[in-house]
Amino acid sequence: MSVDETLETRVAVLSAQAEERDRRYAERFAAQEEAVRSALTSAKEAVTKAESAAEKRFESLNEFRGQQRDMIGTFIPRKEAEQRIEQVAEKVAGVESRLTAGLSAVNSRLDLMAGQKSGGHSLWMYIVGGIALALSLWSALRPGH
């Protein structure tokens, strides 16, 4: 074997090894590209799902806010409520003063009636006493006794 043949053989072996390495690197690169594509696709799907979920949450939140706005629209304003409370308080005070005056009148009438009843009893006592006195005098002064 000559030196040229040996060199050619070695060059051929090295070339074959280099080609094999290039092929392996190409396969690895292709596998990595496929893995990256797959990861990007999965990430895009995850982002799409997250965006969809966030959109649904925001829609329900906006619906809730709308319900609150509608409900708040039915509430009475503070100033108006205070005015109504003040009006009711004034009416209650008026009713209270009328009731107090009415009760005073009723109490005075009851006192008057109690006095009249007491006076009426005294009058009857005088009448009964007078009749008893008259009967006793009549029976004492009667001629047959």
Principal-axis tilt of helix 3-74 within the chain, Cα atoms, nearest 10 degrees: 10
Set of aspartates and glutamates near K91 by C-alpha distance (under 16 Å), chain-local residues within fewer than 8 positions excluded: E82
Charge context of G102, other residues only, Cβ under 12 angstrom, K/R +1, D/E -1: +1
Choice from A50, A89, A114 showing the highest fluctuation, given a GNM over the chain with Cα pairs closer than 10 Å: A114
At most 13 other Cβ within 10 Å, DSSP loop - chymotrypsin sites (Phe, Trp or Tyr not before Pro), the stretch 40-96: F75
Added length on full extension, which subtracts the Cα-Cα distance from 0.36 nm per residue, V3 to A140: 30.2 nm
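Report the local net charge at A26: Lys and Arg +1, Asp and Glu -1, summed over other residues whose C-beta lies under 15 Å from its C-beta. Before the final figure, lay out the partial values.
Values: positive: R21, R23, R24, R28; negative: E19, E20, D22, E27, E33, E34.
Charge balance near A26 sits at -2.
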Neighbourhood net charge (15 Å Cβ-Cβ; Lys/Arg +1, Asp/Glu -1) for E59: 0
Rg and Dmax [Cα atoms of the stretch 54-102; Å; Rg one decimal, Dmax integer]: 21.4, 69
Viscosity 0.692 mPa s, temperature 37 °C, Stokes-Einstein D of the stretch 25-145 from Kirkwood C-alpha radius, µm²/s: 126
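So what is the 222 nm mean residue ellipticity for the chain from helices alone, if each DSSP H run of at least 4 adds -39500 (n - 2.57) and you divide by all residues, rounding to the nearest 500 deg cm²/dmol?
Values: 2 runs with 136 residues, N = 145.
Helix contribution divided over all residues of the chain: -35500 deg cm²/dmol.
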Positive-end residue, the chain charge dipole about Cα centroid, Cβ charges, pick of A114, V36, A54: A114
Using alpha-carbon coordinates, inclination of helix 78-141 to the longest axis of the chain, degrees: 20
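What FRET efficiency, computed as 1/(1 + (r/R0)^6) with R0 = 41 Å and r the Cβ-Cβ distance, is obtained for I131 and L99, rounded to the nearest 0.05? Can you show the working numbers first?
Working: r = 47 Å, r/R0 = 1.15.
E(calc), rounded to 0.05, equals 0.30.
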Among V128, F75, L103 the positive-end extreme of the charge dipole of the chain (Cβ point charges): V128
Candidate aspartates and glutamates - alpha carbon under 20 Å from K49, same-chain residues fewer than 8 apart omitted: E59
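Rounded to the nearest 20 Debye, what is the dipole magnitude of the chain about its Cα centre when Lys and Arg each give +1 and Asp and Glu each give -1 at the C-beta?
Values: 20 positive and 21 negative charges, 421 e Å.
That gives a dipole near 2020 debye.
Every number in this text was worked out from the coordinates using simple rules, so none of it is lab data. It should be emphasised that the depicted structure is a prediction, and the values quoted were computed from it without experimental measurement. FYI the Cβ positions are ideal-geometry reconstructions off the backbone, even for glycines, and counts take in every protein chain you see.
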